[in-house]
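This report concerns only the one structure given below.
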Amino acid sequence: MSNDELLYEVRDGIGWITLNRPQARNALTFAMYDRLAEICRETKLGGAVKCLVVTGAGDKAFAAGTDMTQFRGFDTEQDALDYEHRIDVVLGAVEACPVPTIAAIARACTGGGAGIAAACDIRIATADLKFGFPIARTLGNCLSIANLSRLSTLMGAGRVKEIIFTARLVGAEEALNAGLIAEIVPDHAALIARTEELAALLATHAPLTLSTTKEALRRLRVQGAETDDRDLVVQAYMSEDFKEGMEAFLGKRKPEWKGQ
């Protein structure tokens, strides 16, 4: 991967990840996937980064999936299994990132790009959003169960099956009504402005409340309602932040969160 295909910078406690191949509608190479996962794994609770934003360069696409040239070397069963495993690892790292993640989506968000957006915590999109997995009319491949599970939790299994079977792309209003995205903004400029505003808000909130909620919902999706959450309860209630929040509330002042 050239150093400019995936950009990462931290501004005012917000980490901005930009998929930067606008000439290819930000289609992802394997190296870009791996770097995205690396950033998510390196981001620590209580560190300098309070929120991560993933977006695409330009106003034409968030990401149009995996760069199809990456598939030309596929010859064996193991190639297929390794690819889906790679995607599961990357999306798992995005989902498990301990700080809030926002997908700021302009227009095309398909294939692997749609998978990344679905793994983020909150999605904001422009009014010209096109979201989906048109693989039934393009590549003829499939999604892993882990990927389908994440999408089904967001949109419902029936809708996921229908959009994959028909290879149609979901527009902004439908995505909002389905709960896939949280907000619609008119254009790319408004998308960046609103994302900055939302990320700044999340950065002021209790990190442990956000991280334990994320992990609890991940476990709920993967393991079901009987999964053990006692470690999360203890982590939150026995933290310095909980004591700080209680004293700040009683003292009528703003808490100073540390993520500890």
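Readers should treat all values here as calculations from the given coordinates under stated rules, not as data from a laboratory. Quick caveat: nothing in here was measured; it's all calculated off a predicted structure. Positions of Cβ are generated from backbone atoms using ideal geometry, with glycine treated the same way; all protein chains shown enter the neighbour counts.
Quick notes
- Cα-based shape type of the chain, given that a ≥ b ≥ c are square roots of the gyration tensor eigenvalues and the cut on a/c is 1.5: prolate
- Net +/- balance of residues flanking PHE165 in space, Cβ distance below 14 Å, scoring K and R +1, D and E -1: +3
- Share antiparallel - DSSP beta bridges, region 87-243, percent rounded to 5: 10
- Cβ-Cβ FRET estimate between LYS252 and THR227, R0 fixed at 41 Å, reported to 0.05: 0.65
- Magnitude of the charge dipole for the chain, about its Cα centre and with charges confined to Cβ atoms of Lys, Arg (+1) and Asp, Glu (-1), is about 440 debye.
- Relative packing of 214-224, 163-173, 250-260, 97-107, which averages over residues the other C-beta atoms within 10 Å, highest first: 97-107, 163-173, 214-224, 250-260
- The value for region 207-250 of Rg(Cα) / (2.2 N^0.38 Å) is 1.31.
- Given charges at Cβ of Lys, Arg, Asp, Glu: the chain dipole, positive-most of LEU52, ALA31, PHE71: LEU52
- Taking the number of Cβ atoms within 10 Å of each Cβ as an exposure proxy, the fewest-first ranking of CYS109, CYS142 is CYS142, CYS109.
- Relative contact order for region 106-255: 22 percent, from Cα pairs under 8 Å spaced at least 6 residues apart, divided by residue count.
- Cα centroid separation - region 15-42 against region 113-145, whole Å: 15
- Take every Cα pair under 8 Å whose residues are at least 6 apart in sequence, average their separation, divide by the length of the chain, and the relative contact order is 17 percent.
- Between LEU139 and ASP59, the simple spin-label model (points 7 angstrom out along Cα→Cβ) gives 2.9 nm.
- Estimated FRET transfer efficiency when R0 is 41 angstrom, pair PHE74-GLU244 (beta carbons, to 0.05): 0.20
- By other beta-carbon atoms within 10 Å, ranking HIS188, HIS205 with the fewest at the front produces HIS205, HIS188.
- Here the peptides 82-88, 30-36 are ranked by packing, the mean other Cβ count within 10 Å, and the order with the highest first is 30-36, 82-88.
- Helix-derived mean residue ellipticity, 222 nm - over the chain, DSSP H n ≥ 4, -39500 (n - 2.57), to 500: -14500 deg cm²/dmol
- Highest-fluctuation residue, THR212, THR66, THR76 considered, GNM on the chain with Cα pairs under 10 Å: THR76
- Debye, to nearest 20: dipole size of region 207-250, +1 on Lys, Arg Cβ, -1 on Asp, Glu Cβ: 260
- Farthest towards the positive end of the charge dipole of the chain, among the residues THR110, LEU169, LEU19, is the Cα of LEU169, using unit charges on the Cβ of Lys, Arg, Asp and Glu.
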